[in-house]
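Novice: Questions regarding the structure given below will be posed in turn.
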Amino acid sequence: MRVVLVSTYELGHQPLHVASPARALLRAGHDVRAVDLAVDAFDVELLSWADAVACSVPMHTAMRLARVVCRQIRARRPEIALCLYGLYAGLDGAEGSAPVADLAVAGEYEPRLVAWADSLASTADTKSGSGRAQLEDGRTVVELGRGRFGLPARHLLPGLDCYARLALDGERRLAGYVEASHGCAHRCRHCPVPVVYDGRTRLVGDDAVVADVAQLVDMGARHVTFGDPDFLNGPHHARRVIDAVHGAFPDLTFDVTVKVEHILRHRDLWAGLGSAGCLFAVSAFESASDHILEQLDKGHSAAQEVEAVAVLRSAGIEPRPSLLPFTPWTRPEDIFALLDLVARCDLVGNVDPVQYAIRLLVPPGSLLVTSGRLDGLLDHYDDEHLGWSWRSAHEGLDELHLRLSDMAQRAGAEQWPAQESYDAVRAAAVAVLGERAAHSAAAPEPDPRLRSPLGADARPRLTEAWFCCAEPSGAQMAAVGVQDWARAPVDVGGK
């Protein structure tokens, strides 16, 4: 089969979730092409060449964009076989809406993608549409089997120079992206991972991770992001992976994502991770309100967020918190409590502007819905936004969210300095919510015990600031919504 694998967005990384299934399909004897619409336009010749198209949807933004792409493909090639695969694939056709793809595969998708392509290859005439008739139309398949992982086919993708880089000491270093595990052992109620993995993890073998890092280094990478939902879900596995990678590439730096409770539970690991090259750790702080954290079942308190900052900085590692300021339970004073925490912990240089504008997503199957935590707080299901809509109970919060969303796009496009971004966010909060909601219009001074040795704009970060739980920006939607390939004639007779 001739299969095109499409990525719409992977947080500015070279898309592992295209490279990995591409290798599996190639190994099974299929002909594979790959396209990353975050970097390149869809070549109309690919649409003519393909028997099937599969779109990677590992996050909300990617799924929103992929559905636009799938509709355009279907308009040009009504008979072509279409698949969505990844963490968010199950949202296609949710709540009785019309699916855009023939098949959706969530979880460990590679075996099912290969089986899908094999079944299409056995069909006598895919051009006539009979290939689509063999698929499980409108069904979502969740695969959680264990398997071995081959070397991702990164040669099919644009080079690392097309993607986000590590910003460090005035340099811009090429960066790669790998995963040492899939899934998560925890069940935070707002997270999409437990909806699919239900508290399970799937480890990628040490040798497979090192081999993939090796090919990234050969492509010029000097830094690697470990994109596991929580790198310390399996602390012994994580330590083995880092020891192996650092042993093979001692000058390589890296970053990880770890829950607050794991930062504290495994505090003995951080000095070793820092000496092995860990520059920063992303952690889902979410809120400075213990009430909101309990609703989300985060497993930590606001006080523990402060403690986590101290633990990481004592190891020479910068914390980069992800935030969830806007929820149905948020009060105006909670916004200022979060802004105060950022200032008090000297995190102004560690928080990208988009983080101040993140609003709770409530997709179908969310544990927040099934747990009853949102009873009486939801409006209608919005198929365009792939989630249940809700409005704040407090005047001004919805308006502030819209202001900060617009500000985040401008700050990113114009590369505002960190302090300028923070000051603008705080000023907008005061203007919309009023000074009565804040203890003070001015931000508190940083706690001397928590200060970073680095200036706000000198702290290590990746140059892509957008976030997986953010709504797609106007520029992202425009990039996939109006393309030459969608208007050009498609000739499938010359295959």
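Novice: Hey, any hits in region 267-279 for a residue that's of a type in the set (A, V, I, L, M), crowded, with 23+ Cβ neighbours inside 10 Å and under 22 Å from the mean Cα position of the chain (by Cα)?
Specialist: The answer is no; no qualifying residue exists.
Novice: Mind listing just one residue for me: the one in region 4-32 that is part of a helix (DSSP H, G or I) and of a type in the set (A, V, I, L, M, F, W, C) and, of those, farthest from the chain's Cα centre (by Cα)?
Specialist: Here is the first cut: in region 4-32, the ones part of a helix (DSSP H, G or I) are 16-27.
Checking the rest, the ones that are also of a type in the set (A, V, I, L, M, F, W, C) come to 16, 18-19, 22, 24-26.
On the way: L16: 12, V18: 14, A19: 16, A22: 20, A24: 23, L25: 24, L26: 26 Å.
For region 4-32, the residue satisfying everything is L26.
Novice: Right, here's the next one. Residues being open to solvent by less than 60 Å² (accessible area, probe 1.4 Å), touching a residue at least 12 places away in the same chain (Cβ under 8 Å), assigned to a helix (DSSP H, G or I) and not β-branched (V, I, T): count how many of those fall in region 290-312. Can you show your working first?
Specialist: Quick first cut of region 290-312, residues open to solvent by less than 60 Å² (accessible area, probe 1.4 Å) only: 292-293, 295-296, 298-302, 305-306, 308-312.
This time we only want the ones that are touching a residue at least 12 places away in the same chain (Cβ under 8 Å), so: 292, 295-296, 298-300, 302, 305-306, 308-312.
If we keep only those that are assigned to a helix (DSSP H, G or I) too, we end up with 292, 295-296, 302, 305-306, 308-312.
Okay, now just the ones that are also not β-branched (V, I, T), so 295-296, 302, 305, 308, 310, 312.
Qualifying residue count for the region: 7.
Novice: Against the conditions (1) open to solvent by less than 10 Å² (accessible area, probe 1.4 Å); (2) within 22 Å of L368 (Cβ to Cβ); (3) not in a strand (DSSP E or B), where does S283 fall short? Just the number, please.
Specialist: Condition (3) is where S283 drops out.
Novice: Condition check: of a type in the set (A, V, I, L, M, F, W, C), open to solvent by 20 Å² or more (accessible area, probe 1.4 Å), within 22 Å of P194 (Cβ to Cβ) and at pLDDT below 95. Does L11 satisfy that? Spell out the reasoning first.
Specialist: On the way: of a type in the set (A, V, I, L, M, F, W, C): yes; open to solvent by 20 Å² or more (accessible area, probe 1.4 Å): yes; within 22 Å of P194 (Cβ to Cβ): yes; at pLDDT below 95: yes.
Yes, satisfied.
Novice: Which pairs have Cβ atoms under 8 Å, sit 6 or more apart or on different chains, and link a residue in region 7-28 that is touching a residue at least 12 places away in the same chain (Cβ under 8 Å) and within 14 Å of A66 (Cα to Cα) to one that is open to solvent by 10 Å² or more (accessible area, probe 1.4 Å) and hydroxyl-bearing (S, T, Y)?
Specialist: Short answer, once both residue conditions are applied: E10/Y177.
Novice: Return the total of residues in region 33-47 being outside any helix (DSSP H, G or I), of a type outside the set (D, E, K, R) and surrounded by 18 or more Cβ atoms within 10 Å (Cβ to Cβ).
Specialist: The first filter runs over region 33-47 and keeps only residues outside any helix (DSSP H, G or I), leaving 33-43.
With of a type outside the set (D, E, K, R) added as a condition, the list becomes 34-35, 37-39, 41-42.
So of that shortlist, the ones also surrounded by 18 or more Cβ atoms within 10 Å (Cβ to Cβ) come out as 34-35, 37-38, 42.
Final tally of qualifying residues: 5.
Novice: Exactly one condition in (1) modelled with pLDDT under 85; (2) part of a helix (DSSP H, G or I); (3) of a type outside the set (S, T, N, Q) is false for P472; which is it?
Specialist: (2)
Novice: Provide a single number: the residues in region 329-371 that are out of contact with any Ser or Thr (no Cβ under 9 Å at 6 or more places or on another chain) and among the basic types (K, R).
Specialist: Number of matching residues: 1.
Novice: Follow-up question, since we're still on this one. So W270 passes all but one of these: (1) of a type outside the set (S, T, N, Q); (2) closer than 23 Å to L360 by Cβ; (3) touching a residue at least 40 places away in the same chain (Cβ under 8 Å). Which condition number does it fail?
Specialist: Against the list (1) of a type outside the set (S, T, N, Q); (2) closer than 23 Å to L360 by Cβ; (3) touching a residue at least 40 places away in the same chain (Cβ under 8 Å), W270 comes up short only on (2).
Novice: If we only count helices (runs of 4 or more DSSP H) wholly inside region 187-264, which ones have 3 or more residues that are of a type outside the set (S, T, N, Q) and under 23 Å from R320 (Cα atoms)? Please lay out each step first, then the result.
Specialist: On the way: elements: 193-197, 206-218, 235-248.
Of the helices (runs of 4 or more DSSP H) lying wholly inside region 187-264, those with at least 3 residues that are of a type outside the set (S, T, N, Q) and under 23 Å from R320 (Cα atoms) span 235-248.
Novice: Any residue at all in region 48-67 that is assigned to a helix (DSSP H, G or I), in contact with a Ser or Thr (Cβ under 7 Å, 6 or more places away or on another chain), touching a residue at least 12 places away in the same chain (Cβ under 8 Å) and more than 24 Å from R200 (Cα to Cα)? Spell out how you get there, then give the answer.
Specialist: Here is the first cut: in region 48-67, the ones assigned to a helix (DSSP H, G or I) are 48-49, 60-67.
Then keep just the ones that are in contact with a Ser or Thr (Cβ under 7 Å, 6 or more places away or on another chain); that gives 62, 65-66.
Remaining after also requiring touching a residue at least 12 places away in the same chain (Cβ under 8 Å): 62, 65-66.
Among the residues that remain, those that are also more than 24 Å from R200 (Cα to Cα) are: 65-66.
Yes, region 48-67 contains a residue that is assigned to a helix (DSSP H, G or I), in contact with a Ser or Thr (Cβ under 7 Å, 6 or more places away or on another chain), touching a residue at least 12 places away in the same chain (Cβ under 8 Å) and more than 24 Å from R200 (Cα to Cα).
Novice: Give just the number: which of (1) open to solvent by less than 20 Å² (accessible area, probe 1.4 Å); (2) closer than 29 Å to D198 by Cα does H380 not satisfy?
Specialist: It fails just one condition, (1).
Novice: Still on this structure: Could you grab me the full set of residues in region 48-58 that are in contact with a helix residue (DSSP H, G or I) (Cβ under 7 Å, 6 or more places away or on another chain) and either open to solvent by 10 Å² or more (accessible area, probe 1.4 Å) or closer than 19 Å to M219 by Cβ (or both)?
Specialist: Looking only at region 48-58, we keep the residues that are in contact with a helix residue (DSSP H, G or I) (Cβ under 7 Å, 6 or more places away or on another chain), and these are 51-58.
The answer is D51, P58.
Novice: Count, please, the residues in region 161-185 that happen to be open to solvent by 40 Å² or more (accessible area, probe 1.4 Å) and at pLDDT below 90.
Specialist: Residues meeting the conditions: 3.
Novice: Does region 328-359 hold any residues that are over 18 Å from the mean Cα position of the chain (by Cα) and among the acidic types (D, E), and which are they?
Specialist: Correct list: E333, D334, D340, D346.
Novice: Same structure again: Can you work out which of the residues in region 450-469 that are of a type in the set (A, V, I, L, M, F, W, C) and closer than 22 Å to R64 by Cα is modelled with the highest pLDDT?
Specialist: Within region 450-469, the subset of a type in the set (A, V, I, L, M, F, W, C) is 450, 454, 456, 458, 462, 465-469.
Next cut, closer than 22 Å to R64 by Cα only: 465-469.
Numbers: A465: 78, W466: 69, F467: 65, C468: 60, C469: 60.
Step by step, filter region 450-469, then rank; the result is A465.
Novice: Restricting to region 433-450, and then to whatever is part of a loop (DSSP other than H, G, I, E, B) and without any contact (Cβ under 8 Å) to a residue 40 or more places away in the chain, can you tell me which residue is surrounded by the most Cβ atoms within 10 Å (Cβ to Cβ)?
Specialist: Within region 433-450, the first condition is being part of a loop (DSSP other than H, G, I, E, B), and the residues that meet it are 434, 438-447.
Narrowing further to those that are without any contact (Cβ under 8 Å) to a residue 40 or more places away in the chain: 440-442.
Details: S440: 10, A441: 13, A442: 11.
Filtering region 433-450 for residues that are part of a loop (DSSP other than H, G, I, E, B) and without any contact (Cβ under 8 Å) to a residue 40 or more places away in the chain, the one surrounded by the most Cβ atoms within 10 Å (Cβ to Cβ) comes out as A441.
Novice: Would you please name the residue that is modelled with the lowest pLDDT, looking only at residues in region 73-106 that are at negative phi, assigned to a helix (DSSP H, G or I) and surrounded by fewer than 20 Cβ atoms within 10 Å (Cβ to Cβ)?
Specialist: Here is the first cut: in region 73-106, the residues at negative phi are 73-85, 87-92, 94, 97-106.
Still in the running and assigned to a helix (DSSP H, G or I): 73-76, 89-91, 94.
Subsequent filtering for residues that are surrounded by fewer than 20 Cβ atoms within 10 Å (Cβ to Cβ) retains 74-76, 94.
Values: R74: 93, A75: 92, R76: 92, A94: 89.
By that ranking, first place goes to A94.
The values are calculated or read from the model by the stated rules, or taken from the named source; none is laboratory data. Source: prediction; values computed, not measured. No Cβ is skipped: glycine too gets one built from the backbone with ideal geometry, and neighbour counts run over all protein chains shown. Side chains included, ligands, DNA and RNA excluded: accessible areas come from the protein's heavy atoms. Shrake-Rupley method; radii C 1.70, N 1.55, O 1.52, S 1.80 Å.
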